[in-house]
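> The structure under discussion is supplied below as structure tokens; questions concerning it will follow.
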């Protein structure tokens, strides 16, 4: 077997191996590493009486000032309930401010915000729609509290959420903490809630080993001095801000007891545009922020490549594997029939899940066994289109409303 053939075999098998590692091998390996990390901490605690738990904020403790920051666009459906939810937080009123930037909303969002008469609410009503990153950059210059809690207009906090997030900042080595987003279930076909539960488990274990990636945009907090100015076309602001904290030498933590809720989209097609947009943001992070690989710690780099980079590149890896398999299937040799069968299996598999995806997008019910592979196809189809859109430079940092 010559070098060219060996290269093709490596691509045909290696592409699939990397995908299987990212989606199946990495979670198992991460759980094992996290278990060993926890065992080490437990032994240190037992043998040396070292502290292994964070110190929560107690009722009598002098709590720091906190600013909640939300950028909103056309959120008349949620904004009133969202503000009430934040005003009802179990946090001292004189230590809490709520900054909501309405990004040129064309509905009643600004009107509803004007209707509140509470000194804690700071409504920033921008007339021109410029995109979320620009709103956050403007608010960055107006917030003075040392701890900033970021969230979304359609998210609702548990009453203790802010207090639990703030409790982590007693550790001077900590730069930020991500809470947990709970997606409210539905009877639709979307597997996003299942995917999200797996992601929550990965976040928990990544946080345990000191390699948490970014933050959950629905609920997270950072020290104000670590809040970076974003590029005007930035999309995944939560990921960028969280990774900036890690690249600055501070630690990101994950606290599932600080939780928030959002609705789960009803079907796969509703998620497509959201995932496409986020996909472009993923490629922005990959190609425009090399510091996420060069200035973060080893645990973060391990998680970043295994959990994020390989997943963003999954459609490209699978396409390369398919093309290599097709070339090998046309080359005479003892394995030709084997490669022909493997190539045919891939083509038929992609044809089947793409058909399922089109049926789901049209509103048809899918068999239970079809839902997960169809979700996987939809996810990677969005990543593929996002990479093309990023390469063309056609994605802007403007808003698109979805159920999430």
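Where a number appears in this text, it was derived from the coordinates with a stated rule and is not lab data. Since this is a predicted model, take the numbers as computed values, not measurements. As a convention, Cβ positions derive from the backbone with ideal geometry for all residues, glycine included, and neighbour counts pool all protein chains shown.
> Gain in length, residue 81 to residue 287, computed as 0.36 nm per residue apart minus the alpha-carbon separation, to one decimal in nm?
70.3 nm
> Another question, if that's okay. Could you work out how far helix 192-208 tilts from the main Cα principal axis of the chain, as a 0 to 90 degree angle to the nearest 10?
Result, in degrees: 70.
> Oh, and also: Between residue 394 and residue 232, what is the label-point separation in nm under the 7 Å Cα-to-beta-carbon projection?
About 2.2 nm, to one decimal.
> If you don't mind, another one. Mind listing the Cα extents of the stretch 313-377 along all three principal axes, in Å, largest one first?
Projected onto its principal axes, the Cα set of the stretch 313-377 covers 46, 24, 16 Å.
> What are the principal axis extents of the Cα atoms in the chain, in Å, biggest first?
Sorted largest first, the three principal extents are 77, 60, 37 Å.
> For labels at residue 129 and residue 372 in the simple 7 Å Cα→Cβ model, what's the distance in nm?
Distance between label points: 3.9 nm.
> Oh, and also: Where does helix 314-329 land angle-wise versus the long Cα axis of the chain, in degrees 0 to 90, nearest 10?
Between the helix axis and the principal axis of the chain, the angle is about 0 degrees.
> Next question. Mind giving me the FRET efficiency for residue 159 and residue 327? R0 is 41 Å, r the Cβ-Cβ distance, nearest 0.05 is fine.
Using R0 = 41 Å, I get an efficiency of 0.10.
> Rg and Dmax of the stretch 66-280, Cα atoms, in Å?
Looking at the stretch 66-280, its Cα Rg and Dmax stand at 16.5, 46 Å.
> Let me ask another. Using packing as a proxy for protection, rank 338-344, 67-73 so that the peptide with the highest average count of other Cβ atoms within 10 Å comes first.
Packing order, densest peptide first, comes out as 67-73, 338-344.
> Distance in nm between label sites at residue 13 and residue 44, each 7 Å beyond Cα in the beta-carbon direction?
Here the answer is 4.1 nm between the modelled labels.
> Further question on the same structure: For helix 237-247, what angle does its Cα long axis make with the longest principal axis of the chain, in degrees from 0 to 90 and rounded to 10?
Approximately 90 degrees, to the nearest ten.
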